[in-house]
Amino acid sequence: MLPARGCAVERGLSAATDDPEGPTQAKTDRWVDALVATCVGLALRLGAVAWAGGGSMPGDATFYRKLAQRLAEGHGYTWSWPDGAVTPAAHYPVGFPALLALFDRTCTLFGAAPGDALRHPWAAQAFTAVLSAAAIPIVFALVARSTSRRRTPAIAAWMMAIHPGLVLYAPALMSEGPTATLLAGAALLAARARDASRTRAWAWIALMGIACGVATAIRPQSLLFAPVLAMLATLSREGVGARSARAGGAATLALAMALAVCAPWTVRNCREMGRCALVSVNGGWNLLIGTQPSATGGWAELETPMACREVLGEADKDACFEREARALILRDPVRWVALAPAKLDATFDYAGAGPWWLHASRPDRFGERAKVITAAFETLFERLVLLAAALAVARLGPKRAWGRALVVVACIFTIQIHAWPAFAALALGAFGLDARLRGAFLAKATGIAIAVTIGVHAAFFGGGRYQVVLFPLLVALASLLFEPSPAAKEVA
């Protein structure tokens with residue numbers, strides 16, 4: 001196994017062989033590829049905003065927007081009720097409304113009044129489109145660290161640029177798009193830590209923890225990525241065994257940095273909500289939605305238990321819902337476990353989040369027929385990406401028979417109605433790769449993202465939009481299938 005600095009040198013020499021003008025010119029040309037793809041991807045996303053933006057705000061978008069407006073106007077993270085009462089809020093994670101409010105306050109530097117940009121729906125939707133497009137150069141850079149070939153990162157960037165699931169969902173004022181970009185960024189920072197010297201690796205691990213902390217403020221389950229990615233980066237760089245203590249230290253550092261990002265908000269929740277929730281007080285709601293007697297696996301209107309009907313306040317109500325959900329699970333754990341496949345079906349069979357949102361927001365411009373056609377096309381595209389990712393892992397060559405068998409299972413289930421076994425098999429199969437292989441880190445980071453998504457939604461409830469956070473990493477892994485030679489198997 002090459003030392004970290006040796007890896008960087010070896011990659012540079014390999015890049016030089018692809019371009020007769022040398023590694024500097026090759027690197028410049030690579031980033032021209034990334035820039036062009038990013039511009040095209042941004043244009044497509046802004047085109048979706050121009051075509052179907054400006055409508056209603058379906059689903060959680062209504063609340064994100066209103067909460068962001070109140071933040072931007074200086075009212076704090078509060079909710080104004082019809083009777084005039086104003087109460088502190090924490091049901092929805094603060095991260096995405098805070099990003100929208102920051103965008104709005106930035107617009108005030110150019111003469112807008114606080115809240116004006118958020119009252120103009122196209123402006124806020126254009127901002128989310130920019131956040132979505134930001135994942136394109138991140139994926140490009142992530143793939144560039146997994147190959148010495150110029151064209152493979154470019155393929156990944158163009159797949160990201162035209163990805164229908166990301167293009168059509170870009171106008172949605174929803175949290176999955178920004179989270180997808182942040183998690184791809186966290187994976188890139190972890191890859192930098194893997195390639196850095198031991199001293200510099202700690203700095204990259206800390207930055208990765210911060211990125212996961214911001215993602216946690218948007219979607220709390222993102223906290224799980226920080227320690228696991230840190231351990232993966234350390235073990236991929238130094239190997240398993242005596243160095244596992246350093247992997248534990250890296251995991252602790254990443255987790256501490258992520259928690260430090262959220263700490264001020266946690267303190268605020270202790271003070272304002274009477275409950276020291278890390279980010280939000282909706283875990284009980286979500287657990288009960290996926291556990292209540294009428295639960296079928298996906299989102300459903302919550303049926304308030306009798307014990308909670310007289311409980312007021314967001315935090316107290318959520319705590320009551322959590323107690324009732326736990327009681328239902330303990331009363332019939334077999335039923336709760338048996339619901340898991342249905343929850344995963346709802347999450348992984350097909351996303352269709354963008355077509356759903358555009359149709360619900362602007363049915364006059366994005367009718368039922370457009371929704372069905374684009375959702376079918378998106379599903380086909382995503383299944384092809386999933387198949388390419390599985391074949392990329394197969395090409396890397398899992399060293400154990402069980403790893404190879406899992407990749408076969410993943411390929412088979414990409415063409416079945418129920419896709420979650422393909423995701424699960426891909427995640428497990430990726431961990432059968434030799435850590436020294438050039439693409440193994442990317443494959444394992446993608447496997448971690450899949451495993452976290454499966455675990456969270458098997459416990460709570462599923463939905464197609466929750467798959468969106470995986471798209472950048474899946475595209476990055478899928479692009480390794482298009483390596484022009486077996487260079488993917490070179491030792492990294």
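Annotations for the structure displayed:
- Residue in the stretch 403-421 that is crowded, with 24+ Cβ neighbours inside 10 Å and either of a type in the set (F, W, Y) or in contact (Cβ under 8 Å) with a residue 60 or more places away in the chain (or both) present: yes
- Remark: pairs (first residue in the stretch 263-291, acidic (D, E); second residue outside any helix (DSSP H, G or I); Cβ separation under 8 Å; 6+ apart in sequence or on different chains) = E272/P88; E272/A90.
- Taking helices (runs of 4 or more DSSP H) as the structural unit, those lying wholly within the stretch 392-472 and holding at least 2 residues that are more than 20 Å from C212 (Cβ to Cβ), among the aromatic types (F, W, Y) and within 23 Å of the chain's Cα centre (by Cα) correspond to 420-430.
- Counting only residues that are more than 29 Å from the chain's Cα centre (by Cα), acidic (D, E) and either at pLDDT below 95 or surrounded by 17 or more Cβ atoms within 10 Å (Cβ to Cβ) (or both), the stretch 317-336 holds 1 of them.
- Hits in the stretch 337-352 - residues which are β-branched (V, I, T) and buried (at least 20 other Cβ atoms within 10 Å of the Cβ): T347
- Any hit, the stretch 82-100, residues being surrounded by fewer than 19 Cβ atoms within 10 Å (Cβ to Cβ), at pLDDT 95 or above and closer than 27 Å to A50 by Cα: no
- Look at the stretch 141-170: where a residue is without any contact (Cβ under 8 Å) to a residue 12 or more places away in the chain and of a type in the set (V, I, T), no partner that is assigned to a helix (DSSP H, G or I) and surrounded by 23 or more Cβ atoms within 10 Å (Cβ to Cβ) sits 6+ places away or on another chain with Cβ atoms under 8 Å.
- Scanning the stretch 254-276 for residues that are small (G, A, S) and at pLDDT 95 or above gives A254, A256, A258, A260, A263.
- Filter pass, A449 being more than 16 Å from V143 (Cβ to Cβ), touching a residue at least 24 places away in the same chain (Cβ under 8 Å) and among the aliphatic types (A, V, I, L, M): no
- The stretch 64-109: number of residues that are without any contact (Cβ under 8 Å) to a residue 12 or more places away in the chain, aromatic (F, W, Y) and in contact with a Leu (Cβ under 9 Å, 6 or more places away or on another chain): 0
- Checking each residue in the stretch 244-294 for being under 30 Å from A340 (Cα atoms) and surrounded by fewer than 17 Cβ atoms within 10 Å (Cβ to Cβ) picks out R275, C276, P293, S294.
The values are calculated or read from the model by the stated rules, or taken from the named source; none is laboratory data. This one's a predicted model, so the numbers in the text were calculated from it and none came from an experiment. As a convention, Cβ positions derive from the backbone with ideal geometry for all residues, glycine included, and neighbour counts pool all protein chains shown.
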